[in-house]
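Visitor: Let me give you the structure first, and then I'll get to my questions.
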Amino acid sequence: MSESSSISRVALKKITPDVSAAMGSLHAAAVSAAQDAKLEPELLELVRIRASQINGCAFCLDMHTRDARGQGETEQRLHTLAAWRETPFFTERERAALALTEAVTLVHDGRVPDAVYAEAAEVFDENQIAALVWAATVINAYNRIAIATRMVPKS
């Protein structure tokens, strides 16, 4: 359910350029950590899309599904990502990353469960887990920025 508004929202980059630049630097550092940890860019897009689905961020969903398609992601997997547990379309690594992403995104529900972390630790090393946590944290922050300022997807 959407809520329309005629209230003009703040342009964060214009009003707080230093904070916006710091957020961009955090994003760049998280991407660099993921590259150093040898995490697949396609996996990171799944993480970004899944967190954005949970948060209901249309702007980020539009951006990251476009990016995922550009990296060769299939429509079938994109369409079923919200129900990834119910499909055979995702690898063990992807499933562990998605479960970790969901736990980080929904941390208010009671922490990241040990079982979720243990599952991730079976298929990712410490550097990769750290990079996944940062990727999930950054997209969650971007989701909140986009939602709070009502950023509109490209048409």
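Visitor: Does any residue in segment 124-149 that is surrounded by fewer than 17 Cβ atoms within 10 Å (Cβ to Cβ) come within less than 6 Å, Cβ to Cβ, of a residue that is at pLDDT 95 or above six or more places away or on a different chain, and which pairs are these?
Guide: Close Cβ pairs satisfying both conditions: N127/A37; I147/C57.
Visitor: Quick one: which residue in R85, R66, R9 is modelled with pLDDT of 95 or more, open to solvent by 70 Å² or more (accessible area, probe 1.4 Å) and over 28 Å from A118 (Cβ atoms)?
Guide: Result: R66 is the single residue among R85, R66, R9 that is modelled with pLDDT of 95 or more, open to solvent by 70 Å² or more (accessible area, probe 1.4 Å) and over 28 Å from A118 (Cβ atoms).
Visitor: Within segment 10-85, which helices (runs of 4 or more DSSP H) (wholly inside it) include 2 or more residues that are touching a residue at least 12 places away in the same chain (Cβ under 8 Å) and under 21 Å from S155 (Cβ atoms)?
Guide: Those helices (runs of 4 or more DSSP H) span 41-55, 58-70.
Visitor: Provide a single number: the residues in segment 91-103 that are open to solvent by less than 60 Å² (accessible area, probe 1.4 Å) and without any contact (Cβ under 8 Å) to a residue 40 or more places away in the chain.
Guide: Qualifying residue count for the region: 5.
The values are calculated or read from the model by the stated rules, or taken from the named source; none is laboratory data. No experiment lies behind these values; they were computed from the predicted model shown. Here the Cβ is made from the backbone with ideal geometry for all residues, glycine too, and neighbour counts use every protein chain on show. Note: accessible area is taken over every heavy atom of the protein model, side chains too, but ligands, DNA and RNA are not part of it. Shrake-Rupley method; radii C 1.70, N 1.55, O 1.52, S 1.80 Å.
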